[in-house]
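Undergrad: Please find one structure pasted underneath; my questions will follow.
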Amino acid sequence: MSADLNTTYLGLKLKNPLVISACPLTAEAAVLKRLEQAGAAAAVLPSLFEEQIEHESEQMAKAEEFGTESFAEALTYFPRQDDYRTGPEEYLESIEAAKKAVSIPIVASLNGASAGGWVRYAKMMQEAGADALELNVYFVPGEMDMTGKEVEDRYFELVAAVKQSISIPLAVKIGPYFSSLCNVALRLVEAGADGLVLFNRFFHPDIDLENMETHPQLHLSAPAELSVPLRWVAMLHGRLNASLAATGGIHDAQGLLKALAAGADVGMIASVLYQKGIDQVAAILADLSKWMDEKDYASVEQLKGSMSRENCPDPAAFQRGNYMKTLTSFVGKAI
Ligand SMILES: Cc1cc2nc3c(=O)[nH]c(=O)nc-3n(C[C@H](O)[C@H](O)[C@H](O)COP(=O)(O)O)c2cc1C
């Protein structure tokens, strides 16, 4: 008998643990249909950005006030208004279109850095038919006098503000750069997150030496990147009253299996779809089932968290334990 692939994410019953993460592919109804046909269990729409809603966010205003010299990074980081694919109204329409096109759950995505009026769009996304909301908090603290606590408080305030305005489940997508990620995770859940999406990818700017300009770079992921979400999913599994999604470097069934074994409720994919095509959804699911059958796993539930920090035979591997061993056992010679 084939393994039972059902999973629950954000309280939503999903037919399998493979979710399409926020990217422009899910914005097109025709592509969304193909993703559903290939077996995707749910899809996250690309983000609607705080800056799209608040035309003159504080950071944009600051960047413009001081000119490109000192704020080159800020200016290249945030797209100009003209560069945005769609406005907020079109975004709400795209939720309705997605809901009409497919029957899998649709997660809308709101992307911002500070609590403010723009948060009202969370409710509008719910009203447009979103089954859940993913809040991507993307904040690059650059002020010398801003403490870690102040940064974290921004996250908690934002999550609480969004949570207050909706009744659909709320997932929060964050980056890995916190001093105490487990504590931040716990407090995000206390602030209202029903799930955590680990991790956001920060697109670091590159420098064009020829023209002395900065360029925002979007590199598609590589499978090796999965080790970061794996560690933190494994660290958090079973210790939070929230769902966990792993994103970043899942390119095949092996990656998805590792994410589940670490303790994720779902694995999300984007890059591999751009690199290898939509068919990868079906291929990953087929390989997932095959592996589980061969290894006698009856269900995704049985596999989930079997290699989390709490359950794996070598918990130290997820903390400092293996650090020295790994470094000292590395065999490499000067060439
Ligand atoms: C072209 C592209 C656009 C993306 N746009 C968004 C976005 O709008 N909002 C968001 O939260 N993540 C966005 N992401 C990040 C993905 O959702 C995902 O978290 C990340 O790419 C890691 O997963 P992967 O290794 O499967 O690509 C985007 C990724 C790509 C490749």
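Undergrad: So which residues in the range 268-307 are more than 11 Å from the ligand (Cβ to nearest atom) and part of a strand (DSSP E or B), if there are any at all?
TA: Residue satisfying the conditions is SER299 alone.
Undergrad: What number of residues in the range 201-229 are among the polar types (S, T, N, Q) and within 16 Å of the ligand (Cβ to nearest atom)?
TA: 3
Undergrad: Ok, one more. Any idea how many residues of the range 1-38 are touching a Leu at 6+ places or on another chain (Cβ under 9 Å), within 16 Å of the ligand (Cβ to nearest atom) and either open to solvent by 30 Å² or more (accessible area, probe 1.4 Å) or among the hydrophobic types (A, V, I, L, M, F, W, C) (or both)?
TA: Result for the range 1-38: 11.
Undergrad: Now a separate question. Could you tell me whether the range 65-74 includes any residue that is open to solvent by 20 Å² or more (accessible area, probe 1.4 Å), under 27 Å from ALA108 (Cβ atoms) and at pLDDT 50 or above?
TA: no
Undergrad: Kindly indicate the residue of the range 239-257 that is free of Cβ contacts under 8 Å to residues at least 40 places away in the same chain and more than 13 Å from the ligand (Cβ to nearest atom) and also least open to solvent (accessible area, probe 1.4 Å) among those meeting that condition.
TA: Once the filter is applied, the top-ranked residue is ALA253.
Undergrad: Given the criteria more than 8 Å from the ligand (Cβ to nearest atom), in contact (Cβ under 8 Å) with a residue 40 or more places away in the chain, within 15 Å of the chain's Cα centre (by Cα) and surrounded by fewer than 24 Cβ atoms within 10 Å (Cβ to Cβ), does ASP265 qualify?
TA: For ASP265, the condition - more than 8 Å from the ligand (Cβ to nearest atom), in contact (Cβ under 8 Å) with a residue 40 or more places away in the chain, within 15 Å of the chain's Cα centre (by Cα) and surrounded by fewer than 24 Cβ atoms within 10 Å (Cβ to Cβ) - is not met.
Undergrad: Taking ASP296 as meeting all but one of (1) on the phi < 0 side of the Ramachandran plot; (2) open to solvent by 70 Å² or more (accessible area, probe 1.4 Å), write down the number of the exception.
TA: Answer for ASP296: the failing condition is (1).
Undergrad: Does any residue in the range 4-21 that is under 18 Å from SER299 (Cβ atoms) come within less than 6 Å, Cβ to Cβ, of a residue that is away from the ligand (no atom under 15 Å from the Cβ) and among the polar types (S, T, N, Q) six or more places away or on a different chain, and which pairs are these?
TA: Close Cβ pairs (under 6 Å, with a partner that is away from the ligand (no atom under 15 Å from the Cβ) and among the polar types (S, T, N, Q)) amount to ASP4/SER299; LEU5/ASN16; TYR9/SER243; LEU14/THR7; PRO17/THR7.
Undergrad: For the range 299-335, how many residues meet the condition of being open to solvent by less than 100 Å² (accessible area, probe 1.4 Å) and acidic (Asp, Glu)?
TA: 2
Undergrad: Would you point out the residue of the range 100-125, among those that are open to solvent by 20 Å² or more (accessible area, probe 1.4 Å) and modelled with pLDDT under 95, that is nearest to LEU48 (Cα to Cα)?
TA: Going through the qualifying residues, I end up with ARG120.
The values are calculated or read from the model by the stated rules, or taken from the named source; none is laboratory data. Since this is a predicted model, take the numbers as computed values, not measurements. Virtual Cβ from ideal backbone geometry, glycine too; neighbours counted across all protein chains shown. SASA here: full protein model, heavy atoms, side chains in, ligands and nucleic acids out. Shrake-Rupley method; radii C 1.70, N 1.55, O 1.52, S 1.80 Å.
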